[in-house]
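Notes to accompany the following structure.
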Amino acid sequence: MTRTRTLLLTLPLALALGLFTGSAATAEPTTGTQAPQLVIDSDFPDPDVIEVDGTYHAYSTSSPGKGQVPHATAPDVRGPWTVQSDVFVGKETWPDWIRTTHGFWAPDVSERPDGTFLMYFTARNDDNGRMCLGAATADDPAGPFVPQDDPLVCNPEEGGNIDASSFVDTDGTHYLLYKNDGNAIGQPSILWLQRTDAAGTTLLGERRELLRNDQPADQGVIEAPVLVKRPSHYVLFFSAGVYTGGGYYTGYATAPSLDGPWTRAPEPLMTTDSLGGAVDGPGGQDVLDDTIVFHGHLPAGGRGMYTADLGWDADHPVVRGSTVRVEAEDATLHGVQPVDDATASGGAAVTGLDAEGDRVSVRVFAPADGGYTLRLGYAADGAVAQGLAVDDGPARAVGLPARDAGGWQELAVDLELSVGAHTLHLEHVRGSARLDSVDLA
């Protein structure tokens with residue numbers, strides 16, 4: 001007798017790859033998912049982007065040939081981008097604490113209530129040798145930015161302080177986020193939140209710890225905090241790992257209030273693998289409405305600037321092009337059964353897709369309209385066909401070729417999806433197959 005079991009898998013954290021489309025969902029072939037776009041194909045690491053009067057301004061870590069604080073502009077966040085001149089004042093006017101022979105890291109620029117512009121930057125302190133946070137101001141987003149006489153945050157005993165970013169809450173309260181560079185001296189690296197005045201240059205009250213480098217995937221490093229307020233909670237984006245390698249990644253955590261508790265997402269938001277190798281070491285991110293901006297290693301050297309569509313599923317971020325694996329045994333199962341299988345990716349698989357009505361259903365979310373790619377991990381001993389349907393739409397026949405030697409294999413299927421949440425159904429048509437996993441990108 002066939003047992004029917006129903007467990008609907010929802011991926012609130014994002015099956016970053018939406019495979020479905022609102023009213024326009026279709027299982028018909030398309031061109032597949034859109035990978036992140038390389039919009040500055042030269043060294044432009046740790047990008048920060050703001051929009052002012054219809055022009056987008058990007059700033060990056062110091063780069064040879066581009067100045068102390070490189071600057072680029074574009075009519076749209078997706079480009080085309082034009083690299084401009086350095087926006088920081090000349091070294092002859094710098095205060096004594098800034099080492100003139102060292103570059104700046106990860107600038108953050110924001111517009112202040114009075115219409116002027118504030119830049120947080122990281123510079124080498126010439127007095128203690130550690131990286132410290134400074135503040136500079138300008139009347140125009142194109143500079144010149146003039147630094148204050150003293151560092152804003154400088155605690156050499158905790159490794160120094162780097163990677164500042166600004167955040168204004170819905171009640172108008174201003175905050176500074178940053179990291180203590182503990183990994184530089186064998187101490188914990190912690191992401192901190194510090195209240196400031198509206199000008200962003202005076203610290204108020206005590207700082208609060210948000211996250212620290214306590215996960216194996218962090219490789220001892222957590223950095224680049226960026227905070228976003230969503231209707232139901234706060235979302236803290238961060239980078240982790242060693243930035244010089246492909247293991248560098250972008251993650252996030254959520255909390256119901258700024259006091260926490262902060263809960264990390266179970267999987268990274270973007271990794272080299274989740275992006276299918278399209279970006280190597282994705283990190284140093286910034287968030288601008290429906291776009292995430294970040295850097296990745298370039299084949300010729302340096303780190304270029306990329307953009308990707310960003311969506312929100314139950315206020316959790318979803319990046320188009322970043323793959324998330326769904327184990328088949330965790331999906332909604334109709335007429336089929338999970339079985340233990342040490343050769344399967346999650347240690348189990350689904351068997352019994354061999355009779356009318358047998359079906360596996362998965363909920364996913366598309367962060368933007370367009371093409372997406374589904375990859376099925378399966379095993380088949382003979383000719384097999386499955387019907388692929390989106391939501392309540394008609395099924396499209398998908399052949400699953402058999403492998404002579406048996407074992408698991410993968411089939412890529414392109415879909416056209418509109419933004420939003422949808423359910424993908426894989427239904428029996430002909431033959432018998434085992435299903436290991438569903439990858440969405």
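The values are calculated or read from the model by the stated rules, or taken from the named source; none is laboratory data. Being a predicted model, the structure only gives us computed values, none of them experimental. Heads up, the Cβs are rebuilt from the backbone with ideal geometry, glycines too, and the neighbour counts pull from every protein chain shown.
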Q.
What's the number of the only condition in (1) assigned to a loop (DSSP other than H, G, I, E, B); (2) touching a Gly at 6+ places or on another chain (Cβ under 9 Å); (3) not assigned by TED's automatic domain parsing to the domain that holds SER361 that PRO266 fails to meet?
A. (2)
Q. Within the stretch 369-378, is even one residue of a type in the set (S, T, N, Q), in contact with an Asp or Glu (Cβ under 6 Å, 6 or more places away or on another chain), part of a loop (DSSP other than H, G, I, E, B) and surrounded by fewer than 23 Cβ atoms within 10 Å (Cβ to Cβ)?
A. no
**Q.** Residue, nearest to LEU118 (Cα to Cα), within the stretch 40-85, restricted to residues that are of a type in the set (Phe, Trp, Tyr) and assigned to a loop (DSSP other than H, G, I, E, B)
**A.** PHE44
Q | Residue under evaluation THR244, criteria (1) part of a loop (DSSP other than H, G, I, E, B); (2) crowded, with 19+ Cβ neighbours inside 10 Å, criterion not met | A | (2)
Q: Kindly establish whether VAL279 is within 26 Å of GLN194 (Cα to Cα) and either among the aliphatic types (A, V, I, L, M) or surrounded by fewer than 16 Cβ atoms within 10 Å (Cβ to Cβ) (or both).
A: no
Q. Can you spot a residue in the stretch 301-324 that is surrounded by 17 or more Cβ atoms within 10 Å (Cβ to Cβ) and closer than 17 Å to LEU376 by Cβ?
A. yes
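The rows are residues; the columns are (1) in contact (Cβ under 8 Å) with a residue 12 or more places away in the chain; (2) crowded, with 22+ Cβ neighbours inside 10 Å; (3) assigned by TED's automatic domain parsing to the domain that holds LEU275; (4) out of contact with any strand residue (DSSP E or B) (no Cβ under 7 Å at 6 or more places or on another chain).
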| residue | (1), (2), (3), (4) |
| --- | --- |
| SER42 | yes, no, yes, no |
| PRO47 | yes, yes, yes, no |
| ALA58 | yes, yes, yes, no |
| SER63 | yes, no, yes, yes |
| ALA72 | yes, yes, yes, no |
| ASP76 | yes, no, yes, no |
| GLY79 | yes, no, yes, no |
| GLN84 | yes, no, yes, no |
| PHE88 | yes, yes, yes, no |
Q: Could you grab me the full set of residues in the stretch 322-347 that are closer than 25 Å to VAL228 by Cβ and modelled with pLDDT under 95?
A: THR323, VAL324
Q) Inside the stretch 342-368, can you point out the residues that are touching a residue at least 24 places away in the same chain (Cβ under 8 Å) and not in a strand (DSSP E or B)? A) THR343, ALA344, SER345, GLY346, ASP354, ALA355, GLU356, GLY357, ASP358, PRO367, ALA368
